1. Looking only at the stretch 162-178, decide whether some residue is closer than 30 Å to MET270 by Cβ and in contact (Cβ under 8 Å) with a residue 24 or more places away in the chain.
2. What residue, of GLN5, GLN40, is out of contact with any strand residue (DSSP E or B) (no Cβ under 7 Å at 6 or more places or on another chain) and at pLDDT 60 or above?
3. Could you identify the single residue in ILE164, ILE150, ILE129, ILE133 that is surrounded by 13 or more Cβ atoms within 10 Å (Cβ to Cβ) and in a strand (DSSP E or B)?
4. Looking at LYS210, LYS215, LYS198, which one is in the same structural domain as ASP286 (by TED's automatic domain parsing), out of contact with any strand residue (DSSP E or B) (no Cβ under 7 Å at 6 or more places or on another chain) and surrounded by 14 or more Cβ atoms within 10 Å (Cβ to Cβ)?
5. Within the group ILE114, ILE82, which residue is closer than 16 Å to MET29 by Cα and within 27 Å of the chain's Cα centre (by Cα)?
6. Any idea which residue in the stretch 34-49 is surrounded by the most Cβ atoms within 10 Å (Cβ to Cβ), counting only those that are part of a loop (DSSP other than H, G, I, E, B) and small (Gly, Ala, Ser)?
7. Can you pull out every residue in the stretch 130-146 that is of a type in the set (Ser, Thr, Tyr) and closer than 17 Å to GLU173 by Cβ?
8. Only one of VAL190, VAL161 is aliphatic (A, V, I, L, M) and in the same structural domain as ASP262 (by TED's automatic domain parsing). Can you tell me which?
Amino acid sequence: MQSLQNLLRNSYVKIPTSSINSKNIATVMVTATLPAFARQGDKIKVNVSSIGDAKSINGGELLLTQLKAVDGKVYALAQGNIVSNANSATTGYIYEGASVENEINFSLKDEESITLSLLQNDAKTAATIEKKINQTFNQKIAYATDTRTILVNKPKDSSIVGFIAKVEGIELESDIQKKIIIDIAREIIVAGSDIPIKPITVTQKDFTIKIKQSKLNETDFKDATKNVGVDIGDDVSVGNKPVEINLNNALVNSLAEPTVSDLMRAMKIMKIDINQIIKTLEMLKDLNAIDAKLEIIR
């Protein structure tokens, strides 16, 4: 209440604190990330989180707020209409909600080298990048200093911006990161279709499921008399009962190496609850049965 009273006082409006209704007022924390090379007047997104007992900040109006860095200087001013996040009414954002007031003093023009940092340690990728850069410029200017860092010296006849643009344009052949993303709140699972899974048997309270690569050849695998089960596509069959029956026990039989995609589709056919599918994936990761990063959004 005191903060609002001070704000009104600065606008030459005098009103006692006791007469201010607090039901529609929330105390919030406002944060933002200042992008590289941000210039005065640029608009940036701000995140807003309630730090009081407010039930919702959706549609609220953020009053003019100074955004300071750890050095105590004000780098942006934020205000605007708040949009709450889909699964939390007490957190939200304002798109282009802050205006940059101060710039970070940094210039590229005098730089003679750049340092590339990989998201993950990977000696093979670091070595490939080093080789590709040196081939592109036809001189030894790139050096992989470790499995994650590549130092690249600027050729003398290039501008730093042109040099960076040319490095960015180098094409690399790289596998898509193997990752399984699980959004628990929305009950959504996103996974690459080619993530292999080791032969394993999963037993929970309501079901047992075994997954393995078939020993049948391609001809016999397509023979319904030799490979009894529900065809779920991609040369994968499940169990030995019609789809409409809720399978309690099933064998996931695949012609090629079984994948996480095969398992999830089979479990959906078995009408297994999404929460049990998520728990199963978590257990498989703990057992190292799947070689992929598990990212869980709660």
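The values are calculated or read from the model by the stated rules, or taken from the named source; none is laboratory data. Predicted model, so just to flag it, every value in this text is computed and none were measured. For neighbour counting, all protein chains shown are included, and Cβ atoms are generated from backbone atoms with ideal geometry for every residue, glycine included.
1. Yes, the stretch 162-178 contains at least one residue that is closer than 30 Å to MET270 by Cβ and in contact (Cβ under 8 Å) with a residue 24 or more places away in the chain.
2. Working: GLN40 fails: out of contact with any strand residue (DSSP E or B) (no Cβ under 7 Å at 6 or more places or on another chain).
GLN5 is the lone residue from the list that is out of contact with any strand residue (DSSP E or B) (no Cβ under 7 Å at 6 or more places or on another chain) and at pLDDT 60 or above.
3. Values: ILE164 fails: in a strand (DSSP E or B); ILE129 fails: in a strand (DSSP E or B); ILE133 fails: in a strand (DSSP E or B).
ILE150 is the lone residue from the list that is surrounded by 13 or more Cβ atoms within 10 Å (Cβ to Cβ) and in a strand (DSSP E or B).
4. On the way: LYS210 fails: out of contact with any strand residue (DSSP E or B) (no Cβ under 7 Å at 6 or more places or on another chain); LYS215 fails: surrounded by 14 or more Cβ atoms within 10 Å (Cβ to Cβ).
None of the other options fit; the residue is LYS198.
5. Only one candidate passes the filter, namely ILE82.
6. ALA38
7. Selection gives THR136 alone.
8. The conditions single out VAL190.
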